[in-house]
Amino acid sequence: MGWEWARLRVSPVYYGLGIPRGDGSPVITIPGFMGSDIYLTEFRMWLSRIGYRGVASRVGRNFDCLQKTGERLLDSVDQAYSKYRRPVHLIGHSLGGLLARSVAGIVPDKIASVTTMGSPIRAIHAHPTVIGLSELVREAVQLKQDEEQSNPDCFSGKCSCKVVESVRNPFPKDLPVRAIYTKTDGVVLWEVCKDENPDNNIE
């Protein structure tokens, strides 16, 4: 990790050299499972350097009920759309990519594009350690939901909330979408991180 950190800072790309300039559009970055906006701070700064407006998702730590997390992301999209008066680009890492695709399906008129990075957009196939951790989180979320007398299927494959239903529905055809994946992904099976349209995939 230290070697990659150092290499990043001597790369011309890091400073925006040779990179096509953005048009000032807002770009919301969405963290992966168990992550928060903090680890994507440098990414947002880079987006700002190349001419976009990096915006935090404000979803908090990404391990809550998907409906609640999705609603917080929808609020962030509404705020960015109103502030900059133009559609918003969404870039989601891992679980954040699923949230991005879900929100895009709910408010496609406010979305300019969706980019997923290492996101299991075709099926959930993750490392056993991650699956085990997600089960612990699921139990905690369900306990909290039970205390609030909410949906008992929350955070499960049977959940029928608006956010989960939107992920299951076909992605809006008119929205540009990119799926970035790496064959050395040690968390998610890389084959399920690819879009059905090969033209949309970037290795």
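The numbers here are math on the coordinates, done by the rules we state, and not lab data. In this text, all values refer to a predicted model and were calculated from it rather than measured experimentally. Note: ideal-geometry Cβ built from the backbone for every residue, glycine included; neighbour counts use all protein chains shown.
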Practice item. Quick one: what are the phi-derived ³J(HN,Hα) couplings along region 81-92, Karplus 6.51/-1.76/1.60 with θ = phi - 60°, whole Hz, x for glycine and proline? Key: 5, 6, 5, 9, 6, 7, x, 9, 8, 10, 10, x
Exercise for review: Find how much the distance from Q79 to K183 grows on full extension, using 0.36 nm per residue of separation minus their present alpha carbon separation; answer in nm with one decimal.
Suggested key: 33.9 nm
**Study point:** Net charge of neighbours whose Cβ lies under 12 Å from the Cβ of L98, counting Lys and Arg as +1 and Asp and Glu as -1
**Key:** +3
